[in-house]
1. Checking Ser523 against (1) open to solvent by less than 40 Å² (accessible area, probe 1.4 Å); (2) over 30 Å from Phe358 (Cβ atoms); (3) of a type in the set (S, T, N, Q), only one condition comes out false. Which one?
2. Being surrounded by fewer than 18 Cβ atoms within 10 Å (Cβ to Cβ) and either over 24 Å from Leu526 (Cα atoms) or aliphatic (A, V, I, L, M) (or both): is that true of Lys346 here?
3. Among the residues of segment 147-159, is any within 24 Å of Leu264 (Cα to Cα), exposed (fewer than 13 other Cβ atoms within 10 Å of the Cβ) and at pLDDT 70 or above?
4. Quick one: in segment 320-343, of everything that is assigned to a loop (DSSP other than H, G, I, E, B) and acidic (Asp, Glu), which residue is least open to solvent (accessible area, probe 1.4 Å)?
5. Give segment 292-319 a look and list any residue that's part of a loop (DSSP other than H, G, I, E, B), within 14 Å of Lys104 (Cα to Cα) and not aliphatic (A, V, I, L, M), or say none.
6. Filter segment 472-520 down to the residues that are open to solvent by less than 30 Å² (accessible area, probe 1.4 Å) and touching an Asp or Glu at 6+ places or on another chain (Cβ under 9 Å), then identify the one that is nearest to Met123 (Cα to Cα).
7. Pick from segment 282-291 the residues that are open to solvent by 20 Å² or more (accessible area, probe 1.4 Å), in a loop (DSSP other than H, G, I, E, B) and at pLDDT 85 or above: which of them is nearest to Val529 (Cα to Cα)?
8. Is it true that Ile251 is modelled with pLDDT of 80 or more, farther than 24 Å from Ile351 by Cβ and open to solvent by less than 10 Å² (accessible area, probe 1.4 Å)?
Amino acid sequence: MRRKNSVCRMLPGLAAFIILAAICASPAHADGGLMIYDPNAQLWRLQEMNNQLCVINHDKGEERLLLSIHTDALQGERAVWIFPVPAKPDGVTIDVFKSFPILKGHNVERLSGSVIDGVFSYMRLTQIYSFPFAGKYLPVFLGHYRVMARLGDFEGVDVHQRLEKMGLTTELITARDGTRLADYLTAKDLTLPPDIKSVFDEYLGQEYSFVISWISDVEKFNQEAKKVTEYQYRYGGHDQGNAFYSLSVSISFPSEKIYFPMRLTSVYGDTVIPMTVYVTKYVAPEISLGKSLRVSYLINNSRYDVPEELKSFFNGKTSLKNQGYTEISINAPSRLLTEDLWMTEKVPAKIAFADFIFRYFWAWGVAVFILLSCLSSWLAGMVAFRKYQPSKVRFALFGLYNFFTLIGFTIAAHRLKIDDRLTRKTEAPQPKVSFRSAAKVSAAISAVMDVSILGFMIFSTGTRFHPGHLLFLAVAFLIFFLALFPFVYVFMNNRHVRNYVLLFTAFFMVMSILAQAGLKAYSWILLGVNYGP
């Protein structure tokens, strides 16, 4: 996933940007939500951020939510934000990381279309002569700080965990009501407006905890945040001379469904705050916002080596390959975000189909190749030897020799004498043509092809003939001769096998093209798979 994208901007539930609405006269910024305390002005103001990143990993009833803020150096004394967690505090774990996962994904529907084209292109490569037309598709293949004891009490607010790391203090708290929570924040020099207190009360009436993160030492945070690992630059697309500042907070909690806090954003009224949530599996949101909500299903088809400190976030995995994930983008007026975002693992049929096409291309590709090869051989045998009672089953099975390319298929047809063994032909054998005669014909054809191709290259590029072209002529001639000789020898010696091979390759090419188009048309029309341009 590219870090240049503004991800999880204005994280719902950040008390910082809510406080801004009550204290500061300036409007909310779409690319920031981190509040910083300015001691000179003696007020909290919005710290502009380059972007925010959010990744959710849900596995076996446990959700791990990782948030990261990327910003220029912070200025001021303190910074803070807060968000709710739908779990009791004894099941929640908080942590702070310097690393953040990097997922470079491609749309799974479009990727599956490229895989289909690539698989059938490789099938047609077995016919040798299709090689110049297949180049377009060749590149397709390619620890927690857990403290369970209560750490403090502030008149109705319980602090269950406290973690100090990278100049950041992160607390896990519960409160009896919105007033107690407001008093707790006021004691930390924060004042909540009345409208946000009622929203907090809705959470406090249920089994919710709150995670509050304070940048208590901005100078230390700036120093620590500069220590970005080399892989983040190399794979994240950042210029070495343009450093960014990283802060990642991890929250783990039990949850049967996948959760992302969004309700607190409603206090922004008609303001549109773009948000993007990434989930490391295919999920469907349980919310309807019309065109304001967009769901994309992606696959990270490059290898990602998980940093040591993030292994717990990814369930102990050391590397990720072909990781499917969901991107949920929301661009709706904040007043419409009256519910949190819940997600379930209900995958649309078209996404399941596209994912299967991508992940199991070897399995279905080989199965289709066998089917097309056997069917083509059977049809060719029935036509070429229709007068001689050909064996349907044996001709169908003979199609498996197509695994050795058309060259191997042709040689096997001649050496195994299929015109005699797989039919009831009683005609006298055709007079044999010598290897020398076949070699002369092959050499003549190769020479014509060789000179023709070189002449076209020189003519189309406007270059002059030079000694380097002699090497090209020699290599190309050898390749052409070796490829042509088996066909020329067999075709000159047995017209029945010649007709059979020509029919076979014609049937195979046509059926592979039809199968490719049919597979994409079926999934497009019936399942709605969008293969893109």
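The values are calculated or read from the model by the stated rules, or taken from the named source; none is laboratory data. Computed from a prediction, not measured in an experiment: that's the story for all the values here. Cβ sites come from the backbone with ideal geometry, for glycine too, and all protein chains shown count toward neighbours. When the accessible area is computed, the model is the full protein with side chains, heavy atoms only, and any ligands, DNA or RNA have been set aside. Shrake-Rupley method; radii C 1.70, N 1.55, O 1.52, S 1.80 Å.
1. Among (1) open to solvent by less than 40 Å² (accessible area, probe 1.4 Å); (2) over 30 Å from Phe358 (Cβ atoms); (3) of a type in the set (S, T, N, Q), Ser523 violates only (2).
2. Numbers: surrounded by fewer than 18 Cβ atoms within 10 Å (Cβ to Cβ): yes; either over 24 Å from Leu526 (Cα atoms) or aliphatic (A, V, I, L, M) (or both): no.
In short, no.
3. No, that holds for no residue.
4. First, pick out the residues of segment 320-343 that are assigned to a loop (DSSP other than H, G, I, E, B): 321-322, 331-332, 337-340.
Within this subset, residues satisfying the condition of being acidic (Asp, Glu) are 339-340.
Numbers: Glu339: 106, Asp340: 7 Å².
Of everything passing the filter in segment 320-343, Asp340 is least open to solvent (accessible area, probe 1.4 Å).
5. In the first step, residues of segment 292-319 are kept if they are part of a loop (DSSP other than H, G, I, E, B); the result is 301-303, 306-307, 311-318.
Retained after the next criterion (residues that are within 14 Å of Lys104 (Cα to Cα)): 301-303, 306.
Asn301, Ser302, Arg303, listed by residue number.
6. Gln516
7. We begin by selecting, within segment 282-291, every residue open to solvent by 20 Å² or more (accessible area, probe 1.4 Å); these are 282, 284-291.
Checking the rest, the ones that are also in a loop (DSSP other than H, G, I, E, B) come to 282, 286-289.
Next cut, at pLDDT 85 or above only: 282, 286.
Values: Tyr282: 15, Glu286: 21 Å.
For segment 282-291, the residue satisfying everything is Tyr282.
8. Details: modelled with pLDDT of 80 or more: yes; farther than 24 Å from Ile351 by Cβ: yes; open to solvent by less than 10 Å² (accessible area, probe 1.4 Å): yes.
Yes, satisfied.
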